[in-house]
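Below: the structure, in structure tokens.
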Amino acid sequence: MRHMAKLTLGIALTMLAASNAHGQWNVARFGMERNRVYTTFGLDPAFVTSVGYARTFPVLTHEFQITGEVGMASNRADTRDFRSRIGTQTSLASWKALNLTGAATFVSRGTDNAIYRGFNFGADLTGAVGVYRPRWFVAGEMGLDKAVITHVKHSAYYRDVFYPDAKDGWYLDAGGTIHHGLSAGVTIGKAELVGRAGWLRTENYNSLMPPFYGSIGLGVGF
């Protein structure tokens, strides 16, 4: 019974961490539009709707985009399942239209379900290689989303059914998620439509449910 309890809690903590954490935008446009407002919707791993703002500024020879966004699970009209992210994206190296990009994101997220109430702080590091032109881009991406520290408060159901002596509190290194897939976008006027899709695995490369992610985003530059 104790082994089952630990397994159940481990799966729950992994799912809290399993949000691929960065938004991919067209780095070829970073010097053209300094500001962007955007919204995204997708399976991430629940259905999540996010809104955000991005600001681009130059540092030496690189254009950096800083983003901030908040999101909520779409199946519940409250703030009990939420995510907020602050991140940066830039082109690390380029040759003509080919770019190697990197993104680093700080993530906070929480959930309230039948097993536990959880809140954590984490980070995502993602790299992508692709062709970026002012009107479109396509790239392959791969990253690791890591839950750095997590607070868990177990429910009465969990204690009654699985493990009555479960301890509430903070957990270090609750797990991580590897995400890899494709992203692409097209620009029409000031609007940019971006799609992302790929596969999710645990940091030990075990399967997750759902085993994939996908999202669509719309940003307007100004």
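Every read-out reported here was derived from the displayed coordinates using simple, explicitly stated rules and does not represent laboratory data. No experiment lies behind these values; they were computed from the predicted model shown. Heads up, the Cβs are rebuilt from the backbone with ideal geometry, glycines too, and the neighbour counts pull from every protein chain shown.
Per-residue extension of 0.36 nm, minus the Cα-Cα distance of Y53 and V148, leaves a gain of 31.7 nm for this segment. Here the residues Y205, Y157, Y163, ranked from fewest to most Cβ neighbours within 10 Å of their Cβ, fall in the order Y205, Y157, Y163. Note on S94 and D160: the extension gain reaches 18.1 nm, defined as 0.36 nm multiplied by sequence separation minus the Cα-Cα distance. Averaging the sequence gap over all C-alpha pairs within less than 8 Å and six or more residues apart, then dividing by the number of residues, gives the chain a relative contact order of 21 percent. Against the set [x] 35, 17, 14; [y] 34, 24, 17; [z] 27, 22, 17, the structure's computed semi-axes √(5λ) of the Cα gyration tensor in Å falls on [x]. Under a model in which nothing but the beta-carbon of Lys, Arg (+1) and Asp, Glu (-1) is charged, the chain shows a dipole of about 300 debye around its Cα centre.
For a quick check of your reading of the filter: which trypsin sites (Lys or Arg not before Pro) in the range 175-222 sit in a DSSP loop and have no more than 16 other Cβ atoms within 10 Å?
On the way: sites: K190, R196, R201; in loops: K190.
Of the trypsin sites (Lys or Arg not before Pro), the ones in loops of the range 175-222 whose Cβ has at most 16 other Cβ atoms within 10 Å are K190.
Arranged by the count of other C-beta atoms within 10 angstrom, fewest first, what order do T61, T126 take?
Numbers: T61 6, T126 24.
Ranked by crowding around the Cβ, least crowded first: T61, T126.
Taking Cβ atoms as reference points and 12 Å as the exclusive limit, the residues near G176 contribute a net charge of -2, counting Lys and Arg as +1 and Asp and Glu as -1. In sequence order, the range 166-177 has phi-based couplings of 4, 9, 7, x, 8, 10, 8, 6, 7, x, x, 10 Hz under the Karplus curve 6.51 cos²θ - 1.76 cosθ + 1.60, θ = phi - 60°, and Gly or Pro positions carry x.
Here's how it looks for F212: its modeled amide H is under 5 Å from those of L200, which are all 5 or more places away or on a different chain. Helix 2-17 and the longest principal axis of the C-alpha atoms of the chain enclose an angle of approximately 20°.
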